[in-house]
Amino acid sequence: MASDISNHEKLPGVPVLPLRDVVIYPYMVVPLFVGRERSIKALEIAMAADKQVLVATQKNASEDQPTEDSIYRVGTLATVLQLLKLPDGTVKVLIEGVRRARVARFLPGEEYFFADIEFIEEKEADPRQTEVMLRSLKSQFEQYVKLNRKIPTEILASVLAIEDASRLSDNIAAHLSLKLEEKQKILEMLDLSKRLEKLVAVMESEIDLLQVEKKIRGRVKRQMEKTQREYYLNEQMKAIQKELGELEEVPNEFEALAKKIEKSGMHKEALEKCRNELNKLKMMSPMSAEATVSRNYLDWMLAMPWKKRSKLQVSLAEAEKILEAEHYGLKEVKERIIEYLAVNKRVNKLKGPILCLVGPPGVGKTSLGQSIAHATGREFVRMSLGGIRDEAEIRGHRRTYIGAMPGKIVQKISRTDVCNPFFLLDEIDKMAMDFRGDPAAALLEVLDPEQNHAFNDHYLEVDYDLSDVMFVATANSLEIPAALRDRMEIIRIPGYTEDEKVHIALRHLIPKQIEMNGLKESEILIPMETVRDIVQHYTREAGVRNLERELSKICRKVVKEILLQKNEKTVQKKVMVEDLEHYLGVRRFRHDMAAEKAQVGQVKGLAWTEVGGELLEVEAVTLPGKGKTIYTGQLGEVMQESIQAALTVVRSRSDAFGISKTFYDKHDIHIHVPEGATPKDGPSAGITMCTALVSILTRLPVRSDYAMTGEITLRGEVLPVGGIKEKLLAAHRGGIKHVIIPAENVKDLKEIPDNIKKDLDIKSVRWIDEVFSLALIGYSDTSSGKTKKTRSKKHLTGRTHVRKTRRGDRPSTH
């Protein structure tokens, strides 16, 4: 039949079979499933005649009823090898392509497509060029089959065995994964050389695509294998740990960290830093030192409270009630806290105030901080700065070695779990500096409201907002660097009066010691009179720490007595004043120092120390000698200069005092400040020294109920000094009735409690002569020079013995 076809250029009246999504080339054997009625009819006509049918591809595969215009004109004349009707009405047919043909014209008919066709002759190619193209085509097809898993290897052998160029090109085109239009174009190509070139180009493009696909497939496979391997190993680890009973369900550590990081509420910079650190941690060996450093860093970052806050107390009445209940007195501090809460109630975000409570030990600075935290509703954090010398304690260690940690500021805040705690910086004046840096300078950023919103810890390496933290510092003195002191609001707590100590003992200290020593309120009673006697004769301090120790001693002894008594029935023990010697021993101090006898050369001065105000006694005597001035009692340079200035003032008034000019050449002057083991310094003892000198030179006794403070000039002017409040409290504790202060310090009396001012007769002076008139018995500015000269001739050079009744300490440096 094939030979008959080749002898004719045209073949009239051939059935046409439209195909969807397939192009059939010559020499191809293809099974088809036919379901359309017109196509089945065409096959039946072909089977009834010579089994010849033209297979042509539809232009649009979605058309169910194609027209003549929607069918390509070039197709393949094929022979129907087998036809099988299926039960569902469709037909399975096996056809074999014979040669290319073109529809000359469609014949009219409605049951099936019927057309006159003409055969297409191929254009012969150059044999040598064809040979080269065949080799290239076979090589590329072999490579294509290796990359494309869809083509079986058996087909490769059959295709490579074909030597005919036209037949080979059609076979290869049939197996390529090309679009329908591309396959149709190859079918319509009659020039064999161009067809071969087209196939070579198409093959190169397909091979490139397949190589890229192979790389992607290999990468995906490796990733899947890695993921499966990790999953397998993780499951094995879980199983082992579960078997050992360590954990019931072990979560994925990295996944848990990633979730915590995303939920932590960090700002963008910190979030990016943690993500990068987690990615680095995933790539490290779990046993490496670097992994430990990274893991510790992530733990610290996640431990920081980034958003969680304490709900602040906004009720001013409630806060005031808490402060009054927990602390007696301290009016200025309480007012400042109430002011802060009042402003905070009006303003949404108020920068935390930075207060510095300055006062002697035992006045309750630390416990006041706890009360402020309670009143404001903040979490309480305390950091002791005493003895800190390393800057890293504040700013943290750099993350360059194992064991590096954040600074104490960050550590303390992380433990509170809120970003707005109350932070107490205790003993801020006790910091030091050495080769490891200056921690006081590192605190500048922490305590500056304009900077601490972006505090950068060396360990965290990201900014952390400290502006919501309420910082309060405590100090015994203002020996703080000026830059650091400038960033804080100073509130002085000078010490307690006698009445305040008594009330504090009754309201707080006695109930506390009764509870701590295992007593009941029905077993002991310490009346107010007894407490006042303890304050006057067993303690002399600015705070109440020693008072609490004495009360604790009484409670311990009462407990011992209760346990040793044979009678099981406990009777309330009332500790009276006469019982104190039994419980506390002999009295240590004399309260009423003003009751002492007025003596020549003995003057009471007032000094300021870190532990509060102190009474400072000054003694002076004259004795035969060569005009030397001797001063003892471990006096500082400033106080020694005050003695020289006082001596110059006295010598400049020698004529007024009736003192011989040769007196200073034949006598030595010895000035002594008792308790030589305690260092003493400062200019505020100037008028005290001058009064002592005038007393021994004029033989006029000094009033014992007077105490004084003030700096002196060479002209005899009295200059102001600091620490007036502390000094007046010390005079009040010592039972002094009259106090002499510089006139320019009168403005400081506004801070003095009314009961202190009521008990003290405070005299203000501007010149040293006013001091002499007040303190020296028998001295008068209007007295005749003769009288003074007579007294000067009766000089006594004997030593005056003075009994020490009060511990002296460093006077004010103001």
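Here are the numbers:
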quantity	calculated
LYS334, sole failed condition from (1) modelled with pLDDT under 85; (2) surrounded by 17 or more Cβ atoms within 10 Å (Cβ to Cβ); (3) of a type outside the set (A, V, I, L, M, F, W, C); (4) in contact with a strand residue (DSSP E or B) (Cβ under 9 Å, 6 or more places away or on another chain)	(4)
Total residues in the range 65-81, condition part of a strand (DSSP E or B) and either of a type outside the set (A, V, I, L, M) or open to solvent by less than 50 Å² (accessible area, probe 1.4 Å) (or both)	8
Scan of the range 515-552 for residues that are under 17 Å from VAL502 (Cβ atoms) and open to solvent by 30 Å² or more (accessible area, probe 1.4 Å), ordered by number	LEU525, MET528, GLU529, ARG532, GLN536, ARG545, ASN546, GLU548, ARG549
Hits in the range 264-292 - residues which are free of Cβ contacts under 8 Å to residues at least 60 places away in the same chain, closer than 16 Å to THR400 by Cβ and assigned to a helix (DSSP H, G or I)	GLU277, LYS280, GLU290, ALA291
Subset of the range 50-64 that is open to solvent by 70 Å² or more (accessible area, probe 1.4 Å) and in contact (Cβ under 8 Å) with a residue 12 or more places away in the chain - its residue that is nearest to TYR27 (Cα to Cα)	LYS51
Criterion (open to solvent by less than 70 Å² (accessible area, probe 1.4 Å) and modelled with pLDDT of 85 or more) met by exactly one of THR609, THR632, THR570	THR632
Check on GLY364, surrounded by fewer than 23 Cβ atoms within 10 Å (Cβ to Cβ) and either polar (S, T, N, Q) or under 23 Å from ALA325 (Cα atoms) (or both)	no
Exclusive hit being within 20 Å of MET383 (Cα to Cα) and over 18 Å from the mean Cα position of the chain (by Cα), set GLU521, GLU489	GLU489
Wholly enclosed helices (runs of 4 or more DSSP H) of the range 353-463 bearing at least 2 residues hydroxyl-bearing (Ser, Thr, Tyr) and closer than 30 Å to ALA317 by Cβ	365-376
Search result, residues across the range 724-757 that are more than 51 Å from the chain's Cα centre (by Cα), over 17 Å from GLN536 (Cα atoms) and surrounded by fewer than 23 Cβ atoms within 10 Å (Cβ to Cβ)	HIS738
The range 374-397 - residue that is among the small types (Gly, Ala, Ser) and in contact with a strand residue (DSSP E or B) (Cβ under 8 Å, 6 or more places away or on another chain) and, of those, nearest to VAL469 (Cα to Cα)	SER384
Subset of the range 420-441 that is among the hydrophobic types (A, V, I, L, M, F, W, C) and modelled with pLDDT under 85 - its residue that is least open to solvent (accessible area, probe 1.4 Å)	ALA440
Candidates ARG806, ARG791, ARG799, filtered to the one that is modelled with pLDDT under 90, more than 17 Å from VAL618 (Cβ to Cβ) and among the basic types (Lys, Arg)	ARG791
Test: residue in the range 371-394 that is farther than 27 Å from PRO494 by Cα and surrounded by fewer than 16 Cβ atoms within 10 Å (Cβ to Cβ)	yes
Residues being modelled with pLDDT of 85 or more, of a type in the set (A, V, I, L, M, F, W, C) and open to solvent by 20 Å² or more (accessible area, probe 1.4 Å) - total across the range 661-681	0
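The values are calculated or read from the model by the stated rules, or taken from the named source; none is laboratory data. Remember, predicted model here, so these are calculated numbers, not experimental data. Neighbour counts are summed over all protein chains in view; Cβ atoms, including those assigned to glycine, are modelled from backbone coordinates with ideal geometry. These area figures cover heavy atoms from the full protein model, side chains too; ligands, DNA and RNA do not enter into them. Shrake-Rupley method; radii C 1.70, N 1.55, O 1.52, S 1.80 Å.
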